[in-house]
Amino acid sequence: MKEFIEFIIKQMVDKPDKVIVEETAPNEKTIELKVKVDRSDIGKVIGKQGKNINAIRTLLTAVGAKNRYRATLQVVE
């Protein structure tokens, strides 16, 4: 899951070496992913009206549902 999100985000940004994805599991049915990118790339990840980040969250939800857990994604500055 972490590698999947990291790959998608790195393809979108200008500085892929600054992308950091942290994965935590508060319980056995939930995974939280926090994405850190360079300040200049935050707008590209979020997209106009949040369309890019919502599309990524939709993919994450689909993959999580397939594996029977809930996944959340946050973009951290």
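Each reported figure results from applying straightforward, stated rules to the coordinates on display, with no laboratory input. None of these values were measured; they are calculated from a predicted model. Don't worry about glycine lacking a Cβ; one is built from the backbone with ideal geometry, like all the others, and counts go over all protein chains shown.
Summary table below
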item: 3J(HN,Hα) from dihedral phi, segment 58-63, Karplus parametrisation 6.51/-1.76/1.60, rounded to Hz, x for glycine, proline; result: 5, 4, 5, 5, 5, 5
item: Per-residue [θ]222 nm for the chain (sum of -39500 (n - 2.57) over DSSP H runs n ≥ 4, rounded to 500); result: -12500 deg cm²/dmol
item: Net charge of neighbours whose Cβ lies under 15 Å from the Cβ of I46, counting Lys and Arg as +1 and Asp and Glu as -1; result: +3
item: Straight-distance crosslink candidates among lysines, where the alpha carbon sits under 29 Å from K48 and sequence neighbours closer than 8 are dropped; result: K2, K10, K15, K18, K34, K36, K66
item: The chain: radius of gyration and largest Cα-Cα distance (Dmax), Å; result: 12.1, 35
item: Relative packing of peptides 21-30, 56-65 - highest average C-beta neighbours within 10 Å first; result: 56-65, 21-30
